[in-house]
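First the structure, in the form of structure tokens, and then the observations on it.
Values in this text are rule-based calculations from the coordinates and carry no lab data. Computed from a predicted structure; not experimentally measured. No Cβ is skipped: glycine too gets one built from the backbone with ideal geometry, and neighbour counts run over all protein chains shown.
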2 protein chains.
Amino acid sequence: MKSQGAPDPKQEILEAAIRLFARKGFSATGVREIAQQAKVNIAMISYYFGSKRGILEAALDIFFQRYLEVAEQSLAGDDPPEQKMRRFIRSIVIFSRNNKDLVRIAFTELPFDMPEIAAFKAERGKKIAALFQNKLLSAMEGRLPRPIRLEIVGPAFTGMLVSHFLLRPVLEGIFSTSFDEEFYERYAEEIADLLFYGVLGTRHEFHDEGDNKLKKDKLSE
Amino acid sequence: MKSQGAPDPKQEILEAAIRLFARKGFSATGVREIAQQAKVNIAMISYYFGSKRGILEAALDIFFQRYLEVAEQSLAGDDPPEQKMRRFIRSIVIFSRNNKDLVRIAFTELPFDMPEIAAFKAERGKKIAALFQNKLLSAMEGRLPRPIRLEIVGPAFTGMLVSHFLLRPVLEGIFSTSFDEEFYERYAEEIADLLFYGVLGTRHEFHDEGDNKLKKDKLSE
């Protein structure tokens, strides 16, 4: 997200707003403050984004575009579904670590008082849901031990994956773990294991070759 | 949360603030507005809560107390761990449905700019973490197919359970499901299944009688 070379006012506004929204919240952040932090004239904000809500939508767009890109890239190809999902989880963990503020905004700027933001998010969420339905769940039909309802598992999985990043300041006060490189590598794998097998489950039998290979690789580590 | 009979100004302030914090966010809500909505003199807020932050802490206290109570009640006794957790999940789903605003505040009023709120939450989170460690995980040691790290599974499970309630306005725009009584009954069971067995896992072998009984009951439904 850091811009290089000559300052680009549009980019500066966006970056300043993302920092402020993540720390103070959308409602408590003023356009004047964004302009000050971005070192631009306040008129630039109207020029580039129309309004404060326009900046929030631009920030959410970056988040959803990236999430969708990662999903498209991870779910493409002929690898077994489990491998695809591990790839997706690893990429989202990397993205979330590098874009903490954006992730905070996407999940804490909830549209309880902004129906137009709910609609904006739902429109993008639909594309992601359709992708998981068509590229992943449909391909696994008949191979699942229980039926999977995307409207339950989708948000649950999203919450499972991102809550660490949202709750991190609190988690630092609860656990003595250091959230370092090693932690995040384990994190992605453990979230994947939790999604696939839960805390009690063992592997389902009718997996294909690819999955078995993956498991053996893991066991021999 | 609704008070009955003669208005209790402290309760009125708390309820008005919870409604406002959940809709506008803590930072964007003014004490004057809280006083107006609660139909009390603004001085009452200082008298009962000290400050706006005092009201937020009181609201968070209700949330954490209830969460801890539910955890204590659900995890007590000699039932198998799986039954205890299903009880916990069902109770939290009921609590979250009845206290939507409180759940929103607890998870969206994140302390990125309020270290004292992070500390306040961590103190309460520690008690909940210790309860799950001592009453549940310790009892399951050696019986789990993989080691469980509370610092990963704890927040992941919390996110899994509450994200529906946080994302609901967006989910309503994505899925055509009606979020009715029947949905929430299924919801609690499917979240429990996801936590125990994931999307691919099947039951682990070395469960005790109680668990097998539970499974048979479920299958014969």
Roughly how big is the protein assembly as shown's charge dipole about its Cα centre, with Cβ charges of +1 (Lys, Arg) and -1 (Asp, Glu), in debye to the nearest 20? 1000 debye
Can you give the mean number of other chain Cβ atoms that lie within 10 Å of the Cβ atoms in peptide B:188-197? 5
If you draw the axis that swings chain B onto chain A, which residue of B has its Cβ closest to it, and how far is that in whole Å? B:GLY201, 1
Hey, got the average number of other protein chain Cβ atoms within 10 angstrom for residues in A:23-30? 5
Over the Cα atoms of the range A:55-146, what Rg and Dmax result, in angstrom? 14.7, 44
Would you mind checking A:LYS24/B:LYS52; A:LYS100/A:LYS127; B:LYS100/B:LYS126; A:LYS39/B:LYS24 for any pair whose Cα atoms are more than 21 angstrom apart? A:LYS100/A:LYS127; B:LYS100/B:LYS126; A:LYS39/B:LYS24
If you take each beta carbon of peptide A:139-150 and count the beta carbons of other chains within 10 angstrom, what is the mean? 3
Neighbourhood net charge (10 Å Cβ-Cβ; Lys/Arg +1, Asp/Glu -1) for B:LEU166: +3
Here the correct list, in nm and shortest first, of distances from A:PRO147 to the same site in the other copies, label points 7 Å along Cα→Cβ, is 4.0
For the range B:44-173, build the charge dipole from Cβ charges (+1 Lys, Arg; -1 Asp, Glu) around the Cα centre, then report which of B:LEU150, B:ALA58, B:LEU171 sits farthest towards its positive end. B:LEU171
Please list, by residue number, everything in the range B:5-25 whose backbone N is under 19 Å from a paramagnetic label point 7 Å out along Cα→Cβ of B:ASN41. B:7-14
If you put a point 7 Å past Cα along the Cβ direction, how far is that point for B:TYR47 from the same point in each other copy, in nm, smallest first? 5.4
Restricting attention to the alpha-carbon atoms of the range A:1-50, what are Rg (one decimal) and Dmax (integer), both in Å? 10.3, 32
Just to be sure I understand the curve: with the Debye formula and one point per C-alpha of chain A, what is log10 I(q)/I(0) at q = 0.14, 0.16 Å⁻¹? -0.97, -1.17
Taking only Cα atoms of the protein assembly as shown, what ratio of Rg to Rh do you get with Rh as the Kirkwood inverse-distance radius? 0.97
Let me spell out the model: positive unit charges on the Cβ of Lys and Arg, negative unit charges on the Cβ of Asp and Glu, origin at the Cα centre of chain B. What dipole size does that give, in debye rounded to 20? 520 debye
Residue by residue through the range A:10-27, what is 3J(HN,Hα) from phi via Karplus (6.51 cos²θ - 1.76 cosθ + 1.60, θ = phi - 60°)? Round to whole Hz and write x for glycine and proline. 4, 5, 4, 4, 4, 5, 5, 5, 4, 4, 5, 4, 5, 8, 9, x, 4, 5
Label-point separation (nm) for A:ARG97 and A:ILE62, each offset 7 Å from Cα along Cα-to-Cβ? 2.0 nm
Distance between Cα centroids, the range B:138-189 to the range B:28-80: provide it in whole Å. 24 Å
Taking the label point 7 Å from Cα along the Cα-Cβ vector, the copy-to-copy distances for B:ARG97, listed from shortest in nm with one decimal, are 4.0
